[in-house]
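Below: the structure, in structure tokens.
The values are calculated or read from the model by the stated rules, or taken from the named source; none is laboratory data. The structure presented is a predicted model; accordingly, all values stated were derived computationally and were not measured. Because the Cβ atoms are built from the backbone with ideal geometry, glycine has one as well, and the counts that use them run over all protein chains shown. In case anyone asks, the SASA skips ligands and DNA or RNA and just uses the protein heavy atoms, side chains included. Shrake-Rupley method; radii C 1.70, N 1.55, O 1.52, S 1.80 Å.
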Amino acid sequence: MISINANIPEGALADKWTKYKSKVPLVSPANKRKLDVIVVGTGLAGASAAASLGELGYHVQCFTFHDSPRRAHSIAAQGGINASKNYANDGDSVYRLFYDTIKGGDYRSREANVYRLAEVSGSIIDQSVAQGVPFAREYGGLLENRSFGGVQVSRTFYARGQTGQQLLIGAYQALSRQISLGNVKMYNRHEMLDLVMVDGKARGIIARNLLTGKVERFGAHAVVLGTGGYGNVFYLSTNAMGCNVTAVWKATKRGALMANPCFTQIHPTCIPVSGDYQSKLTLMSESLRNDGRVWVPAKKEDAVAIQKGQKKGTDIPEADRDYFLERRYPAFGNLVPRDVASRASKIECDKGHGVSPTGLAVYLDFSAAIERYGKSKANTIGVHDPDAATVRKFGVEVIAEKYGNLFEMYEKITGEDPYVYPMKIYPAVHYTMGGLWVDYNLQTNIPGLFAMGEANFSDHGANRLGASALMQGLADGYFVLPYTIGSFLANEIRTPKINTSAPEFEEAENKIRSELQKILDIKGNQSVESIHRRLGKIMWDYCGMARNAEGLTKARKMIQDLRKEFWSDVFVPGELHEFNPELEKAMRVADFLELGELMVVDALNRNESCGGHFREEYQTEEGEALRDDENYSYVAAWQWTDLSSEPSLIKEPLVYEEIKIAARSYK
């Protein structure tokens, strides 16, 4: 069995990163020009890393399966990005952001990495403002902040409901500059299908040109993965349909460790499932919980009437509404962390108090905020005793200014006006905290292979706080990897240009060609989509918001059987050497069918509840997650290169020097 070392620097937690930067091996400008780096992915992590490495002088090859780097799924992030600037003067600090992140992750993340994340968060805002990112501002011109779940300060910077898009444009323009200078060579419409290792080190990738179908070889001295998460293993998620695990999983099959794969995040505010025809779900930003109040009818008969279409939410009097998050968690109210809010919504729906035809929805109501903002705006213009119509008019204007694009999106999808009727929301898969195991340098256990952002496991433990995904992606790409990659590349300056004619490249290319042709040759009766949908239902039913040993054991067998079915009865039309989106999809689903089993194995192994991993056998009397710190305070890093054998578990103990582990409470 392999051993792992997190390579955490010595010294006080607050000094680790500063001292590390002072001592990390450097690569001179002249030597950087001799070194090639592959970056896979062009979201916030990938684009910022490729731009930064190009600016430093490395030769960068950057890959995306999209037609443009700007199409990466980071563009879909809505609510904001965290940073410990304390602009609101409400007591925020680097330490408080660090503590909130550790606590929010239910004490299952690595302390040193999280502190570094909090430490560099402020620099992200400075960088983005310098790029022209149009963050919201107060009336005086200063940057505005709002709150997100799991915290009691306002530290989230935002650009209306388009924060991810605006940040990605900033990273994209930095990347475009490096492309124009010739420091970065961009490969659009190329998908990584394998990792190439030479003498135990990552030395390149095999990628398929999605327009021509050509399988190509690319060599480099180091490979960096910024390819996002694997939420689409559930089929229905808030991820774009193209999001996949293939790059990460191919690295896993080459020996990289997959850490905490069962840690998946269920986001509490998504538009509910409306039918079997859906292929994805739509997120409603967590920022809406600043002003929206979550409730269900207190009386079951009212909920039944709403489910049958006999009543609407506006028909339920205030006295008969159960604002269950405010009732259960008075200290944080509607802004509890995502895993807590999601489980609370599930509990109410399981009791029969859901408000959609399926019974799987709760209300997110803005009527109180509209009234509050309306009175405030009326007062500012000298109307001190406004009538109800005036209050509503002004209140709607304020809400529209803050959340207008989100309200428009909701109305277009559901056909209901959220200014009039409360939104209907329900939890859905949104993010994955698990990912490739990396050390403090963001390097996997394979020398020369690095992973950033959602593709690695390091910062969020068992639950990510809202607005922290954008923070991690840009922190890794702009401010961490450009330093830490030097710890590896400083020893590669005598390594000549990687020869893609080497036998290792030939073996990897032939392997991929064989796999692609094998899928095409099956000529079965089932579509890739139908098998993916069935996998998603298995994962959601048995490895979703709630899990138990019996269901997980059953799910593993079901996934194994479905995988056999895929490889014997799937039908993929077309040929290898042509534009073939069904073949692309088939390869991704084949990887999901393997990853799904490992997620179930990981969930079965972890006999505790923590964050987004809720084992029904392990809960408090009040229905909260019950951790087992004595036996499970570790990172579960899995090695699984041979499907015919059991996955091997390698444990990285989690040691907390600054934080005292305690029961997580938001009451």
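Given the stretch 359-475, what helices (runs of 4 or more DSSP H) lie entirely inside it while holding 1 or more residues that are hydroxyl-bearing (Ser, Thr, Tyr), open to solvent by less than 20 Å² (accessible area, probe 1.4 Å) and modelled with pLDDT of 95 or more?
By residue number, 388-414.
Go through the stretch 152-172 and give me each residue that's assigned to a loop (DSSP other than H, G, I, E, B), of a type in the set (S, T, N, Q) and open to solvent by less than 50 Å² (accessible area, probe 1.4 Å).
Scanning the stretch 152-172 gives a single hit, Ser154.
Residues to consider are Asp90, Asp100; find the one that is farther than 23 Å from Ile169 by Cβ, outside any helix (DSSP H, G or I) and charged (D, E, K, R).
Result of the check over Asp90, Asp100: Asp90.
When the residues of the stretch 186-200 are filtered to those that are surrounded by fewer than 19 Cβ atoms within 10 Å (Cβ to Cβ) and charged (D, E, K, R), which remaining residue is farthest from Ile446 (Cα to Cα)?
Result: Arg189.
If the requirement is being within 18 Å of the chain's Cα centre (by Cα), surrounded by 24 or more Cβ atoms within 10 Å (Cβ to Cβ) and in a helix (DSSP H, G or I), which of these qualifies: Ser128, Ser121?
Ser121
Sort through Gly466, Gly477, Gly473, Gly453 and tell me the only one that's over 26 Å from Asn5 (Cα atoms) and in contact with a helix residue (DSSP H, G or I) (Cβ under 6 Å, 6 or more places away or on another chain).
Exactly one of Gly466, Gly477, Gly473, Gly453 is over 26 Å from Asn5 (Cα atoms) and in contact with a helix residue (DSSP H, G or I) (Cβ under 6 Å, 6 or more places away or on another chain), namely Gly466.
Please pick out the residue among Gly466, Gly461, Gly453 that is within 19 Å of Gly54 (Cβ to Cβ) and within 25 Å of the chain's Cα centre (by Cα).
Gly453
Are there any pairs with C-beta distances below 8 angstrom linking a residue in the stretch 234-259 that is without any contact (Cβ under 8 Å) to a residue 40 or more places away in the chain and among the hydrophobic types (A, V, I, L, M, F, W, C) to a residue that is part of a loop (DSSP other than H, G, I, E, B) and open to solvent by 10 Å² or more (accessible area, probe 1.4 Å), with the two at least 6 apart or on different chains, and if so which?
Met241/Ser279; Met241/Lys280
Residue by residue, here is whether (1) without any contact (Cβ under 8 Å) to a residue 40 or more places away in the chain; (2) farther than 26 Å from Phe332 by Cα holds:
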{"site": "Tyr115", "(1), (2)": "no, no"}
{"site": "Ala118", "(1), (2)": "yes, no"}
{"site": "Gln131", "(1), (2)": "no, yes"}
{"site": "Ala136", "(1), (2)": "yes, no"}
{"site": "Gly141", "(1), (2)": "yes, yes"}
{"site": "Phe148", "(1), (2)": "no, no"}
{"site": "Arg155", "(1), (2)": "no, no"}
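Out of everything in the stretch 603-614 that is crowded, with 21+ Cβ neighbours inside 10 Å and in contact with a helix residue (DSSP H, G or I) (Cβ under 9 Å, 6 or more places away or on another chain), what residue ends up being farthest from His66 (Cα to Cα)?
Glu608
Residues to consider are Ala30, Ala14; find the one that is over 21 Å from Gly453 (Cα atoms), touching a residue at least 40 places away in the same chain (Cβ under 8 Å) and surrounded by fewer than 17 Cβ atoms within 10 Å (Cβ to Cβ).
Ala14
Check the stretch 302-313 and report whether any residue there is more than 27 Å from Arg155 (Cβ to Cβ), part of a helix (DSSP H, G or I), modelled with pLDDT of 95 or more and open to solvent by 30 Å² or more (accessible area, probe 1.4 Å).
The answer is yes, given that some residue of the stretch 302-313 is more than 27 Å from Arg155 (Cβ to Cβ), part of a helix (DSSP H, G or I), modelled with pLDDT of 95 or more and open to solvent by 30 Å² or more (accessible area, probe 1.4 Å).
Would you pick out the residues in the stretch 103-147 that are β-branched (Val, Ile, Thr) and over 24 Å from Gln166 (Cα atoms)?
Val114
Between Ala502, Ala508, which is touching a residue at least 24 places away in the same chain (Cβ under 8 Å) and surrounded by fewer than 18 Cβ atoms within 10 Å (Cβ to Cβ)?
Step by step, each of Ala502, Ala508 is checked, and only Ala502 is touching a residue at least 24 places away in the same chain (Cβ under 8 Å) and surrounded by fewer than 18 Cβ atoms within 10 Å (Cβ to Cβ).
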